[in-house]
Amino acid sequence: MLLVKDVCKSFFPGTINEKIALKDVTVEMQEGEFVTLIGGNGAGKSTLLNCVAGVYGVNRGSVYVDDIDVTRLPEHKRAAVLGRVFQDPMMGTAANMGIEENLALAYRRGEKRGLRWGITRKERELYRRHLERLELGLEDRMDIKVGLLSGGQRQALTLLMATLKKPKVLLLDEHTAALDPKTAQRVLEITQQLVEENNLTTMMVTHNMRDAIKYGNRLIMMHEGQIVLDINGEEKKKLTVEDLLRRFGQVSGEEFANDRALLS
Amino acid sequence: MLDIITGAISLGLLWAVMTIGVFITYRILNIADLTVEGSIAMGAAIAAQGITMGLNPFLATALALAGGMAAGLITGLLHTQLKIPALLSGILTMIALWSVNLRIMGKANISLLRMNTVYTFLESFGMDKTYAIIVLGLLLVLALVSLLYWFFGTEIGSAIRVTGNNPHMARALGINTNTTLILGLIISNGLVAFSGALIAQSQSYADVQMGTGSIVIGLASVIIGEVLFGRQHFFGRLTALVLGAVTYRIIIALVLKLGMPANDLKLFTAITVAIALSLPVIKQYLNPHRFREVE
């Protein structure tokens with residue numbers, strides 16, 4: 001469903017500030033896979049996600065969604081097949097527009113927009129049913145401005161918007177990092193629910209090891225722009241935070257040793 | 001006194017068209033577009049030159065609208081394709097339009113005295129020119145407000161609104177924000193030039209300088225409208241702009257009547273806008289215990 005092939009990405013190439021964010025990264029995801037992507041700061045998790053989404057172009061390599069090469073497509077064209085939720089709750093919704101207006105915009109993702117009315121009565125019913133299932137009480141105030149909602153409510157709404165029209169791949173970029181633990185838990189439950197119901201191919205960036213283990217059926221760990229760990233199936237189910245910490249230490253330690261060896 | 005008020009109302013209705021144009025860039029697209037200073041004069045220039053050359057005044061006004069749209073397109077391309085900041089793109093087009101407008105007119109101003117204008121046919125019913133302007137202005141403004149209310153409710157219109165509100169989200173939802181920005185700038189400057197054409201015909205002359213300071217007048221009208229007549233609903237917001245533009249003209253007429261020298265007008269307007277724009281900060285300063293974030 002998603003294939004990232006030999007992708008390299010560096011920022012400010014050719015300058016003294018050059019930063020290599022991705023080094024020949026290759027990931028292939030099957031339909032229905034739910035990958036949690038974990039790693040330290042600057043590991044390249046978000047860069048990888050943004051390269052898939054088209055926010056950044058890649059320096060080398062290709063990105064395929066459902067066997068279609070999207071490497072050269074701009075962000076808004078790729079949006080037709082991607083659902084996205086951002087870390088910042090402000091980023092996924094339009095604060096000055098109503099809940100239903102936001103949903104109506106999302107409902108038309110990937111469609112040609114014309115001079116038809118932006119929202120129909122039939123859609124409103126559909127939105128109401130979807131909102132009811134979030135159990136946040138939003139269904140009774142669909143015309144209020146999204147700016148009046150809390151961060152958690154906005155993230156839940158963004159999740160609904162990202163999945164309202166089924167995406168080929170759902171990209172979640174630390175979408176609970178800005179929320180308090182309890183709200184984050186609730187938003188993760190909603191995520192799980194939406195992913196399962198729609199059998200969505202999902203890539204979720206997180207820096208919470210517990211969440212990375214608890215959710216999804218495959219775990220990828222990145223370090224310094226490379227994939228250093230990729231586990232799925234039974235192995236993933238048995239994984240503990242201690243295992244993960246140990247593996248992380250091993251991997252980063254080795255890396256460090258290698259660098260030293262090169263320098264000496 | 002009544003003359004002053006009706007005069008202010010007639011002028012306000014024509015400037016309301018321009019105010020709506022400014023609202024589209026300033027409030028909906030969330031950019032300060034200075035192209036309008038050039039496009040309002042361009043509208044006047046095209047209409048005046050067209051009428052002098054013997055064109056039907058309505059056709060000349062339509063050409064003015066088209067000219068303004070072209071100006072908006074240029075600013076849009078500078079901003080989205082060449083990545084020049086919006087403010088600077090507008091300034092570049094504005095400066096360029098100064099020369100373009102002089103070329104259109106061939107001189108710095110054109111008189112339209114004793115020529116056919118869009119108001120002539122109403123005057124031929126025995127209506128005084130000021131009332132003719134009010135009648136036509138009201139009809140146009142009403143039609144425009146309805147048209148824009150419809151347009152910004154459509155799928156494309158919603159896409160333009162969300163572009164100004166949250167461009168990241170817009171792109172994530174498959175909206176080409178370059179296209180929507182250009183579209184908004186085209187509509188905005190088309191309206192501003194249209195307004196310039198109407199104003200030139202109402203005052204019976206077009207002048208290359210008439211755009212100077214117009215952005216501030218437009219902003220003042222937007223803000224007065226929002227503060228005094230502001231509504232949540234989009235139709236209410238559009239109507240508030242019209243009332244704001246008219247109120248602005250009435251205020252100006254009154255302060256002039258009270259003896260303020262006309263040369264101080266721009267200073268007065270600039271101070272009014274500066275105060276209005278800083279109201280949120282002033283309020284917070286006066287009330288330090290309230291740290292609620294204002295959208």
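Tabulated values for the structure
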quantity	calculated
Which numbered condition A:PRO167 fails, given (1) open to solvent by 10 Å² or more (accessible area, probe 1.4 Å); (2) touching a strand residue (DSSP E or B) at 6+ places or on another chain (Cβ under 9 Å); (3) part of a loop (DSSP other than H, G, I, E, B)	(1)
Selection from region B:173-202 of residues that are within 14 Å of chain A (Cβ to nearest Cβ) and within 17 Å of B:ILE9 (Cα to Cα)	none
B:GLN209 polar (S, T, N, Q), surrounded by fewer than 24 Cβ atoms within 10 Å (Cβ to Cβ) and touching a residue at least 60 places away in the same chain (Cβ under 8 Å)	yes
Flag if A:VAL70 is in contact with a strand residue (DSSP E or B) (Cβ under 8 Å, 6 or more places away or on another chain), touching a residue at least 40 places away in the same chain (Cβ under 8 Å) and open to solvent by less than 20 Å² (accessible area, probe 1.4 Å)	no
Flag if B:GLY21 is over 18 Å from B:VAL273 (Cβ atoms) and assigned to a helix (DSSP H, G or I)	no
Failed item in (1) more than 12 Å from the chain's Cα centre (by Cα); (2) more than 30 Å from B:THR52 (Cα to Cα), with B:LEU241 passing the rest	(1)
Matching residues in region A:5-40 - criterion: being in contact (Cβ under 8 Å) with a residue 60 or more places away in the chain and among the polar types (S, T, N, Q)	A:THR26, A:GLN30, A:THR36
Strands (runs of 3 or more DSSP E) contained entirely in region A:180-245, each with at least 3 residues that are surrounded by 19 or more Cβ atoms within 10 Å (Cβ to Cβ), touching a residue at least 60 places away in the same chain (Cβ under 8 Å) and among the aliphatic types (A, V, I, L, M)	A:201-205, A:218-223
Hey, B:TYR205 touching a strand residue (DSSP E or B) at 6+ places or on another chain (Cβ under 6 Å), away from every other protein chain (no Cβ under 14 Å) and under 30 Å from B:ALA62 (Cβ atoms) or not	yes
Selection within region A:250-260 - modelled with pLDDT of 80 or more and open to solvent by less than 70 Å² (accessible area, probe 1.4 Å)	none
So B:ARG249, is it out of contact with any Pro (no Cβ under 9 Å at 6 or more places or on another chain), open to solvent by 60 Å² or more (accessible area, probe 1.4 Å) and basic (Lys, Arg)	no
Among the residues listed as B:ILE186, B:ILE160, the single one being surrounded by fewer than 22 Cβ atoms within 10 Å (Cβ to Cβ) and in contact with a helix residue (DSSP H, G or I) (Cβ under 6 Å, 6 or more places away or on another chain)	B:ILE186
Criterion violated by B:ALA206 - all others in (1) assigned to a helix (DSSP H, G or I); (2) at pLDDT 95 or above satisfied	(1)
Within region B:120-157, tally of residues that are touching a residue at least 60 places away in the same chain (Cβ under 8 Å), open to solvent by 50 Å² or more (accessible area, probe 1.4 Å) and hydroxyl-bearing (Ser, Thr, Tyr)	2
Residue within region B:18-34 that is more than 20 Å from B:GLY244 (Cβ to Cβ), of a type in the set (A, V, I, L, M, F, W, C) and surrounded by 24 or more Cβ atoms within 10 Å (Cβ to Cβ) present	no
First in region B:276-287 and closer than 22 Å to B:VAL222 by Cβ, second anywhere and open to solvent by 70 Å² or more (accessible area, probe 1.4 Å) and at pLDDT below 80, Cβ under 6 Å, 6 or more apart	B:PRO280/B:VAL294
Counted residues, region B:57-86 - those being without any contact (Cβ under 8 Å) to a residue 12 or more places away in the chain and not in a helix (DSSP H, G or I)	4
Spans of helices (runs of 4 or more DSSP H) in region A:68-152 with at least 1 residues closer than 20 Å to A:LEU170 by Cβ, within 13 Å of chain B (Cβ to nearest Cβ) and among the hydroxyl-bearing types (Ser, Thr, Tyr)	A:99-107
Options A:ALA94, A:ALA53, A:ALA80: the member that is among the aliphatic types (A, V, I, L, M), more than 16 Å from A:CYS8 (Cβ to Cβ) and open to solvent by 30 Å² or more (accessible area, probe 1.4 Å)	A:ALA80
Filter pass, B:VAL255 being closer than 26 Å to B:MET1 by Cα, surrounded by 21 or more Cβ atoms within 10 Å (Cβ to Cβ) and at pLDDT 90 or above	no
Conditions (1) more than 23 Å from the chain's Cα centre (by Cα); (2) open to solvent by less than 20 Å² (accessible area, probe 1.4 Å); (3) within 15 Å of A:LEU157 (Cβ to Cβ): number failed by A:GLY118	(3)
Filter pass, A:LEU170 being touching a Gly at 6+ places or on another chain (Cβ under 6 Å) and under 17 Å from A:VAL195 (Cα atoms)	yes
Single residue of B:PHE194, B:PHE235 found to be assigned to a helix (DSSP H, G or I) and surrounded by fewer than 20 Cβ atoms within 10 Å (Cβ to Cβ)	B:PHE235
For B:ALA220: the one exception among (1) at positive phi; (2) away from every other protein chain (no Cβ under 14 Å)	(1)
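Residues checked against (1) in contact (Cβ under 8 Å) with a residue 40 or more places away in the chain; (2) under 22 Å from B:THR117 (Cβ atoms); (3) β-branched (Val, Ile, Thr):
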| site | (1), (2), (3) |
| --- | --- |
| B:ILE182 | yes, no, yes |
| B:ILE187 | yes, no, yes |
| B:ALA200 | yes, yes, no |
| B:GLN232 | no, no, no |
| B:PRO261 | no, no, no |
| B:LYS266 | yes, no, no |
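The values are calculated or read from the model by the stated rules, or taken from the named source; none is laboratory data. Bear in mind that the values here come from a model prediction, so they are computed numbers and not experimental data. Cβ sites come from the backbone with ideal geometry, for glycine too, and all protein chains shown count toward neighbours. Only protein heavy atoms, including side chains, enter the accessible area calculation; ligands, DNA and RNA are left aside. Shrake-Rupley method; radii C 1.70, N 1.55, O 1.52, S 1.80 Å.
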